[in-house]
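Student: The following block contains the structure, expressed as C-alpha cells.
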Amino acid sequence: MKLLHLDSSPRGERSISRTLTQQFVSLWKQMYPDVPVIYRDLGRYPVPAIDEAWIAAAFCPPSQLTPELQSALMISDELIAELLAANLYIFGIPMYNYSVPASFKAYIDQIVRVRRTFVLSADGYEGLLKDKKALVITTRGGSYAGEPLDFQEPYLRAVFGFIGITDVTFIHAENLAIGSEERQLAIATAHEAIQQVVETWQSSTCI
C-alpha cells in the first residue's frame, strides 16, 4: 500500500490547497506510519508540456523506439510508475480560470498514454488504473460546485475515469476570496470533510 501526494499550487506557505492536503497526509500517517508516501510538487517543479517528440514516441510501437524517442518519454514513464505504484491518491488542485492550473494539465497530458494507462480494444477504450481511490481537494475564490462555470470537477472526473480511476472524492474549499468570515468557514468545513474521508478510507482499506 502506497499513497501518492501531489500538490499543484505554485504558492508556498500561503497555499490553502497545500495546507489541506498536508492535513490529510498527516492524519493518514498517524494511523499508518509505515505506509510509504510518494510526493510530487507540480507547483514548484512543473513537468514539461508534451511536444512533437513525445507524441511520436507515445504512439510508436515499443519495439521501434529509438534512444531519442525513449528519452522523450522519460518523465512520462516516471510519472506513470508513481501512479501504478500507489493505491491511494491525494491531489491538491486550485481552480484557475474555472478549471485546473497549467501545471496540472501538463501532468495529465504526460500520464494519459496509450498502452500505459489506457488501451483501445474492439470494445472501445479501457482504463488500466483500476481499484484505486483518489481524493481531490480544490480551492476556489467563489462558489462554483454544480454551476455551469465549473469546468474543473467534471473534467477531472472524466479524465481520471478514462484511465480507470473512478472512485474519486472531491472536497471543494470555496468562497475563499469573498471575505474573512466566509474564508474561515470554508477552511473549517474542508478540515471536517478531510477527517471524514480519512475515517471512510480507514474503514474500507485493508493494510
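The values are calculated or read from the model by the stated rules, or taken from the named source; none is laboratory data. Quick caveat, the model's predicted, so the values are computed rather than measured. Ideal geometry is used to build each Cβ from the backbone, glycine not excepted, and the neighbour counts take in all protein chains shown. Heads up: the accessible areas ignore ligands, DNA and RNA and are worked out on the full protein's heavy atoms, side chains in. Shrake-Rupley method; radii C 1.70, N 1.55, O 1.52, S 1.80 Å.
Student: Note down all Cβ pairs under 6 Å where the first residue falls in the range 124-148 and is in contact (Cβ under 8 Å) with a residue 60 or more places away in the chain and at negative phi, the second is surrounded by 18 or more Cβ atoms within 10 Å (Cβ to Cβ) and assigned to a strand (DSSP E or B), and they're at least six residues apart or on different chains.
Tutor: So the pair list comes out as K133/L88; L135/I90; I137/G92; I137/I171; T138/I93; T138/H172; T139/P94; T139/A173.
Student: Additional query: Of everything in the range 156-177, what is aliphatic (A, V, I, L, M) and open to solvent by 30 Å² or more (accessible area, probe 1.4 Å)? Give them in sequence order.
Tutor: Matches in the range 156-177: A158, A177.
Student: Moving on to the next point. How many residues, within the range 68-85, are more than 16 Å from the chain's Cα centre (by Cα) and buried (at least 19 other Cβ atoms within 10 Å of the Cβ)?
Tutor: Selection size over the range 68-85: 2.
Student: Go through the range 173-202 residue by residue and tally those that are farther than 14 Å from L27 by Cα and free of Cβ contacts under 8 Å to residues at least 60 places away in the same chain.
Tutor: Of the residues in the range 173-202, 14 are farther than 14 Å from L27 by Cα and free of Cβ contacts under 8 Å to residues at least 60 places away in the same chain.
Student: On to the next question. Quick one: S63 ticks every box in (1) open to solvent by 40 Å² or more (accessible area, probe 1.4 Å); (2) of a type outside the set (A, V, I, L, M, F, W, C); (3) assigned to a loop (DSSP other than H, G, I, E, B) except a single one, so which number is it?
Tutor: Going through (1) open to solvent by 40 Å² or more (accessible area, probe 1.4 Å); (2) of a type outside the set (A, V, I, L, M, F, W, C); (3) assigned to a loop (DSSP other than H, G, I, E, B) one by one, S63 breaks only (3).
Student: Mind listing whichever residues of the range 117-155 are aromatic (F, W, Y), surrounded by 13 or more Cβ atoms within 10 Å (Cβ to Cβ) and part of a strand (DSSP E or B)?
Tutor: Across the range 117-155, the qualifying residue is only F118.
Student: So which pairs qualify, if the first residue must be in the range 11-28 and within 11 Å of T138 (Cα to Cα), the second must be of a type in the set (D, E), the Cβ gap must be under 7 Å, and the two must be at least 6 apart or on different chains?
Tutor: Correct list of pairs: S17/D7; R18/D7; T21/D7.
Student: Return only the number of the condition from (1) under 24 Å from I16 (Cα atoms); (2) open to solvent by less than 60 Å² (accessible area, probe 1.4 Å); (3) of a type outside the set (F, W, Y); (4) in contact with a strand residue (DSSP E or B) (Cβ under 9 Å, 6 or more places away or on another chain) that S99 does not satisfy.
Tutor: The failed condition is (4).
Student: I would also like to ask the following. Checking V159 against (1) out of contact with any Gly (no Cβ under 9 Å at 6 or more places or on another chain); (2) at pLDDT 95 or above; (3) outside any helix (DSSP H, G or I), which test does it fail?
Tutor: Among (1) out of contact with any Gly (no Cβ under 9 Å at 6 or more places or on another chain); (2) at pLDDT 95 or above; (3) outside any helix (DSSP H, G or I), the lone unmet condition for V159 is (3).
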